[in-house]
Amino acid sequence: AACYERLGFTLTPVSLPRIIPEPGRVPETFGAGNRHAIFTHNYLELLGVVNPQKWAAFPREQRGPYDLDLPLSRYEGLHVMHFGTDHIEMVKERLDKQGVACSGIREFQRNVQTQTGEHMMKARTIHFPPESNPEGLLQIAQHDTPGLVFQERYMHHRNGALALTEIMIVTETPRIYAAKYERYSGHMGKCIANNHFVVDLGLSRITVIDPERLMELIPGFVIPALPFMAAFTIKVADLQLVCDVLSGNNVPFIKKAGAVL
């Protein structure tokens, strides 16, 4: 969190996710916590284990798509990608018709601090099998209480951040992975160049490239494992403001054409 605050993001207070471990039981926390950089239509989530004892005592098979142990054993970095929807039942119906392996619709909750006190955010999610997605934890989510999440008071960032617009996936088989994201999201992709694909989701996009293309875009990137989620892109109001914030916080950066890395 301190790192992302040095980058100029405003973060929400710590929130404790709750899941229903088994049918018929009430939602409960499981030792994980998160904080968020909120934008108008989406957000960046920092997720980690905040109660190691509770986390260790919670059975792995009940954590479902929230089991962080395997991803974090690969590397520390980007591990989760959520697709948003306003019609999760329709999405589930489409996935089933297409024969896409996925979970049923599950309930999800977490506590959220508001100006009138603490309230419980509620959402419904579909997750995809981890064995089909070694690059990370993939879900589709519908927020049933969006006003609790997208609070305007958290949308003002010192770096001028406005939106999360892109996530970059690196794999040795980018065409196959792009096709997978097309099936998951219901959006069509296109080939930008050799081993470079983009799936446009409307408000954001998934860029899928191979390691060679990654080195062209970000020279010197140290690849921790393959496949993996390599980078994300934030739209900002003013790149010079970003440079000023980073310089003031002693964060090294590289200027590129129309971007700061």
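The values are calculated or read from the model by the stated rules, or taken from the named source; none is laboratory data. In this text, all values refer to a predicted model and were calculated from it rather than measured experimentally. Ideal geometry is used to build each Cβ from the backbone, glycine not excepted, and the neighbour counts take in all protein chains shown. To get the accessible areas, we keep the full protein, side chains included, count just its heavy atoms, and leave off ligands, DNA and RNA. Shrake-Rupley method; radii C 1.70, N 1.55, O 1.52, S 1.80 Å.
With a sphere of radius 14 Å drawn around the Cβ of GLY104, what net charge do the other residues whose Cβ falls strictly inside it have (Lys, Arg +1; Asp, Glu -1)? For residues surrounding GLY104, the net value is -2. Once the Cβ-Cβ distance of ARG25 and THR116 is raised to the sixth power relative to R0 = 22 Å, the FRET efficiency obtained is 0.15.
The accessible-area ordering, largest first, of the residues MET121, MET188, MET155 stands as MET188, MET155, MET121, per a 1.4 angstrom probe. Taking the chain as the region of interest, the number of lysine pairs whose Cα atoms are within less than 25 Å, with members eight or more places apart or on different chains, is 11. Local charge for ALA123 was computed over the other residues whose Cβ lies under 11 Å away, with Lys and Arg +1 and Asp and Glu -1, and equals +3.
With all pairs of different C-alpha atoms in the average, the Kirkwood value for the hydrodynamic radius of the chain is 19.6 Å. Beta bridges per DSSP, both residues in the chain: antiparallel share near 80 percent. Globularity index of the stretch 29-138 is 1.15 (Cα radius of gyration / 2.2 N^0.38 Å, N = number of residues). For the stretch 62-125, the gyration tensor built on C-alpha atoms gives an oblate shape. Its axis ratio a/c (a ≥ b ≥ c) is at least 1.5, and a/b is not larger than b/c.
Note: relative contact order over the stretch 64-188, using C-alpha pairs below 8 Å and six or more positions apart, is 25 percent. To put it simply, the accessible area of the stretch 107-193 at a 1.4 Å probe is 54 percent carbon and sulfur. Stretching ASP200 away from GLU212 to a fully extended chain increases their span by 2.1 nm, per 0.36 nm per residue minus the current alpha-carbon distance.
Taking only protein heavy atoms and a 1.4 Å probe, the accessible area of the stretch 1-86 is 54% carbon and sulfur.
Amide H contacts of THR145: LYS122, each under 5 Å away and 5 or more positions distant or on a separate chain (H built 1.01 Å from N in the peptide plane; Pro and chain starts excluded).
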